[in-house]
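Structure first, then comments.
The values are calculated or read from the model by the stated rules, or taken from the named source; none is laboratory data. Nothing here was measured: the structure is a model prediction, and the numbers come from that model. All Cβ positions, glycine included, derive from the backbone under ideal geometry; neighbour counts span all protein chains shown. Heavy atoms of the whole protein, side chains included, go into the accessibility calculation; ligands, DNA and RNA do not. Shrake-Rupley method; radii C 1.70, N 1.55, O 1.52, S 1.80 Å.
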Amino acid sequence: MSNIITAENLSFAYPPQEGKLAIPVFENLNLEIAEGSFTVVIGPNGCGKSTLAKQFNAVLLPSGGKVYVLGNDTSNEQTLLEIRRTVGMVFQNPDNQIVSNVVEEDVAFAPENLGVPSAEIRKRVDDALKTVGMYEFRNHAPHLLSGGQKQRIAIAGVLAMQPRCIVLDEPTAMLDPRGREEVIRTIRTLNRARGMTVVLITHHMSEAIDADRVLVFGNGGILADGSPREVFTQVELLRAANIDVPQTTALLYELKRQGWDLPLDALSTEECAEAIANALLTQTERSQK
Amino acid sequence: MLKDITLGQYFPGNTLVHRLDPRTKLILVVVYIVALFLAKSFLSYGLVLAFLVLAASISHIKPKALLSGMKPLMIIIVFTGLLNIFYTTGDDAPIVNWWIIKIYKAGLIAAFFMILRIMLLISGTFLLTYTTSPIALTDGLEALMSPLKKIKVPVHELAMMMCIALRFIPTLIEETDKIISAQKARGADFETGNLFRRAKALVPILVPLFVSAFRRADELATAMECRCYHGGEGRTKLKVLKYGKDDAIAFLAGILLLAGVIVLRTFGL
Ligand SMILES: Nc1ncnc2c1ncn2[C@@H]1O[C@H](COP(=O)(O)OP(=O)(O)OP(=O)(O)O)[C@@H](O)[C@H]1O
Ligand SMILES: [Mg+2]
């Protein structure tokens, strides 16, 4: 599989405040995002996840090194629009990314900016709204919708650009459990049914469980990188970096410390329950013998 | 509490008037206002009133809705009326002549026309906002003013600003409500004290409101950039404004109104 985003020796520091030294957010970072993959980025507050995400579509430019999107350098002015339409971005607060007070007008914003002909915009808007399951709400005012619905409108607004990759920066942080579920389901469908590359930044470990890849960020670099099973079994490392592990892993880890013979990589609730049931069964069998 | 505020209220509908191109409606309102200011006699005022009543009845907007919109402006209307009554002098003998107050018949007529004119003016513009969504209105204004781009008027930017302002009014009102509740919970008192104290009590509301508005603006700007916003250049529209047969009829009605008023005026009727 080819890579859609490539970061080479990426360094970045925000402009320093007066009289202070610029503290780099990250230094010499190398990273690839494979086309069609579902990557979840986790890490403690302030470690630079949002900053990294903004490098992916040239909202921020590297202070050192390069970021390439489908081979285009993000610091090249000429291909700026090309990059932004390839990598769409959804932010935390849906209220602050919706521009119009009619849902369909908002979804049309990106294709309008790209100069897409009206008939084609219509098609894209309807398609995007249907994908996120908000078609019936196309004539509503966004401020009357729930948080989860608003966030799905924001996702539709990005989809209407027809990006190849969508980066979501804590899209569920402001939502209640139901809204969170709606949004996560939408994102998953995009990846599975449409083959869209997804980069999801989150603090909710449950959202990371069925990703293709989990990236653990911290101390200006990548602490761990691999499949959810590979990453979450490194409980000590994650705890040392102040990162939660999924509740299932936490449970298994504690039980294991108490002497139970359990695998740490049973991530989903079902797998976890099954592993514990099995362990209990072997225990009783052993005691009966 | 603050949620009840409505700005440029819009009553969605699907009548002929609702369906008209926003540009047509904007132009018609201008024609209507010109006709109103050219009107001089009972007959011509009657013509303008008939035009308004016709438009209102086609659009299913109730007279009550039009009149209720006038409530906040009642003081101005009454005050203008009184001024006209007391300050117009006629040639004939005053009807009332008491102390320093002299009221002439001409004054009563002038006041009547003035009040009628203001009320017709307000209801006409209200009818526009009642039947046109703010977005359509913005689109219409942008299209009508686009020739001004030639003399470097930032028409697209103004329209965009208006659109975003409309979008964020409900959000900011909601936020103000929240801040007021939060400050009340901390023991802030907005209801007692003299005017000065009450004005001072507003500071802890306005400061967080402004801080949050700036943060929102910053995030919105980033989100817009991420969606490829780069000014009005090369921009297309989801809904292209198009004049239809209805618009031709509406324009015809507008021309008839204006012609009627001008004819009545030249013949001094
Ligand atoms: N606009 C800015 N100007 C200066 N410094 C900033 C700016 N934005 C973020 N920072 C700093 O950069 C570092 C990384 O911030 P960033 O927002 O990328 O972290 P994050 O991983 O997204 O955190 P969170 O999980 O809280 O969202 C932080 O130390 C932060 O203080
Ligand atoms: Mg962040």
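What to note about this one:
- With N as its number of residues, the range B:63-117 has a Cα radius of gyration that, divided by 2.2 N^0.38 Å, comes to 1.34.
- Protein heavy-atom accessible area occluded, A/B pair - total, 1.4 Å probe, Å²: 3000
- Annotation: Cα Rg of the range B:95-229 relative to the compact-globule expectation 2.2 N^0.38 Å equals 1.68.
- Cα-only radius of gyration and Dmax that characterise the range A:1-138, units Å: 17.6, 54
- Integer Hz, Karplus 6.51/-1.76/1.60 couplings in order for the range A:184-190, x for Gly and Pro: 5, 4, 4, 4, 5, 4, 4
- Value of D in µm² per second that Stokes-Einstein yields for the range A:134-231, Kirkwood Rh from Cα pairs, at 37 °C (0.692 mPa s): 224
- Enclosed volume per residue, in Å³, of the convex hull spanned by Cα atoms of the range B:32-164: 170
- Counting Cβ atoms of other protein chains within 10 Å of each residue's Cβ and taking the mean over peptide B:164-177 gives 3.
- Counting only DSSP beta bridges with both residues in the protein assembly as shown, the antiparallel share comes to about 55 percent.
- The range B:9-46 and the range A:219-289 have Cα centres separated by 72 Å.
- Altogether, the Stokes-Einstein calculation at 20 °C and 1.002 mPa s, with the Kirkwood radius of the protein assembly as shown over Cα pairs as Rh, returns a diffusion coefficient of 75 µm²/s.
- As a length-normalised measure over Cα pairs under 8 Å and 6 or more apart, the relative contact order of chain B settles at 33 percent.
- Alpha-carbon centroid distance for the pair the range B:127-184 / the range A:36-91, whole angstrom: 32
- Put simply, the convex hull of the Cα atoms in the range B:189-269 casts, on average, a shadow of 14.1 nm².
- Check: the protein assembly as shown dipole with +1 on Lys, Arg Cβ and -1 on Asp, Glu Cβ, in debye: 2340
- The range B:1-134: relative contact order as a whole-number percent, Cα under 8 Å and 6+ apart: 39
- Amide H partners (placed H, <5 Å) of residue A:214, local residues excluded: A:40, A:226, A:227
- Here the Kirkwood formula, the inverse mean of 1/r across different C-alpha pairs, assigns the range B:157-235 a hydrodynamic radius of 14.9 Å.
- Considered as an equivalent ellipsoid built on the Cα gyration tensor, the range B:111-191 has semi-axes of 34, 25, 12 Å, the largest given first.
- Reduced Cα scattering model of the range A:3-244, Debye log10 I(q)/I(0), q = 0.11, 0.15, 0.17 Å⁻¹: -0.58, -1.05, -1.30
- Take the Cα of residue B:205, go 7 Å toward its beta carbon, and the backbone nitrogen atoms of the range B:177-191 under 11 Å from that spot belong to B:177-184, B:189-191.
- Helical contribution to [θ] at 222 nm, DSSP H n ≥ 4, -39,500 (n - 2.57), averaged over chain A, rounded to 500: -11500 deg cm²/dmol
- Environment charge at residue B:131 (Cβ cut-off 11 Å; Lys +1, Arg +1, Asp -1, Glu -1): +2
- Alpha-carbon radius of gyration plus Dmax, which is the widest Cα pair, for the range A:246-289 in Å: 10.6, 35
- The range A:3-244, accessible surface, carbon-and-sulfur percent (1.4 angstrom probe): 46
- Peptide A:99-112 shows a mean partner chain C-beta count of 6 within 10 Å per residue C-beta.
- Amide H contacts of residue A:65 (H built 1.01 Å from N, in plane; Pro and chain starts excluded): A:11 sit under 5 Å, all sequence-distant by 5 or more or on other chains.
- Exercise: per-residue mean of other protein chain Cβ atoms within 10 Å, B:217-223: 5
- For residue A:162, no residue 5 or more places off, or on another chain, has a built amide H under 5 Å of its own.
- Note on chain B: Kirkwood hydrodynamic radius from all Cα pairs is 22.6 Å, rounded to one decimal.
- Inverse mean reciprocal Cα-Cα distance (Kirkwood Rh) of the range A:49-111, Å: 13.1
- 3J(HN,Hα) along the range B:42-58: 3, 4, 6, 4, x, 4, 4, 4, 4, 4, 5, 4, 4, 4, 5, 6, 5 Hz, from the Karplus curve 6.51 cos²θ - 1.76 cosθ + 1.60 with θ = phi - 60°, whole Hz, x for Gly and Pro.
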